[in-house]
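Each remark here refers to the structure printed beneath this line.
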Amino acid sequence: MASSIRAVRREQERAERRRLAYEKAAQKQAALEAASSAAQEYDRLIEALTGAHRVVLERRDWHALASAPPPPAPERGAVHEEAARREQEAYRPGWFARIFGGAKRRQVELTAAVEDARARDEAEHQARLREAEARRAEIGFARRLVARDPAAVAEALGRFTRLGDLPFSVEGLDLVFVEGGRIVAMIDGLDLEDLPDRSVTLLQSGKASVKPLSQARLQELHRDAICSAAVRAAAECLAALPVDEIEVVMQTDLLDRGSGHIGAAPVLWLRATAQALGMVNLPLTDPAALVERLGGHFDWSRREGFRAIRLGEVDVPVRERK
């Protein structure tokens, strides 16, 4: 009996060791997965901040739509009703139907079929009317857009851009219509204090390494985020609007060293043309280098970050940030 009890205890101890080993392995695997997930999430965040411009520019042909003739008012057809009436008029009841009442029931059915067919004709006519009206509305909107009607421009940016998908890079957008047909997009960009201040990398051991970012690295991230958002905004505007060029002004919070107050200030100006962006492989470009290549203007240093620029130098009216 004692030997049997000892055997049971040994088996229980082995089972407990297996359970503890399993739990330890599971905890280690969970830690590895958590570390990998944290590193991947950090990489996704940095890409969202500094790679917003990595898109393919696809433009809408608003000029072709604006020059299209409005569709004529569709005429009401009676195809279904005429077919049902022909079937009704061609019906010739046999002797069995006449004797047992089937002819009368069939006449009632054929009359109802004519009414149903008339309703189908009307429904199709109403659908064609709606299609024609929608087409006329599209053409009218395109003509207003080509004429640079401010309301139409604002609507187009709301309907046909994906700037709303950039919560990290674009916090707000205002349009300024400058004399001569220029359109300036005033963008509220990310503030320096909103950037992640720590990096997360995955070590060969599988553990996550979390380190604070240096001030210089934070300034570089801020520069790239602002430049990337500027190019993305320009690309979205050029894709959605019938314009050959667009101006973008990026604004962000800066410290006024004179007063010690933090306030919004313009830090980047960019005039981008559809031709220039069309010649660039946006998914493979560095944001700051691309802005400089396109002739953008910003004042930035690794030590101090952005400095405010004067919009008067690029002939852009000063607007207060909302």
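The values are calculated or read from the model by the stated rules, or taken from the named source; none is laboratory data. None of the values given here were measured: they were computed from a predicted structure. With ideal geometry, Cβ positions are generated from the backbone for all residues, glycine too; neighbour counts draw on all protein chains shown. Note: accessible area is taken over every heavy atom of the protein model, side chains too, but ligands, DNA and RNA are not part of it. Shrake-Rupley method; radii C 1.70, N 1.55, O 1.52, S 1.80 Å.
Structural remarks
- Nearest-10 value in Å² for the accessible area of E41, using the 1.4 Å probe: 100
- Net charge contributed by nearby residues that have their C-beta within less than 12 Å of R143 (K/R +1, D/E -1): +1
- Anisotropy class of the range 190-281 from Cα gyration tensor, a/c 1.5 cut: oblate
- Using Cβ point charges alone (K and R +1, D and E -1), the dipole size of the range 174-322 about the Cα centre works out to roughly 560 debye.
- Charged neighbours of P71, selected by a Cβ distance under 14 Å, balance to 0 (K, R count +1; D, E count -1).
- Residue among S214, A234, V267 farthest towards the positive dipole end of the range 213-268, charges placed on Cβ: S214
- Antiparallel beta bridges, as assigned by DSSP with both residues in the range 167-322, represent about 85 percent of the total such bridges.
- Carbon-plus-sulfur accessible fraction, the range 55-184 (probe radius 1.4 Å, protein heavy atoms only): 55%.
- For D165, the accessible surface of its heavy atoms amounts to roughly 110 Å² (probe 1.4 Å, protein chains only, rounded to the nearest 10).
- Shape call, the range 120-191: gyration tensor on alpha carbons, a/c limit 1.5: oblate
- Taking every protein chain into account, the 1.4 Å probe leaves V210 with about 90 Å² of accessible area, to the nearest ten.
- Where R60, R135 fall by accessible area, highest first, once all protein chains stay in place (1.4 Å): R60, R135
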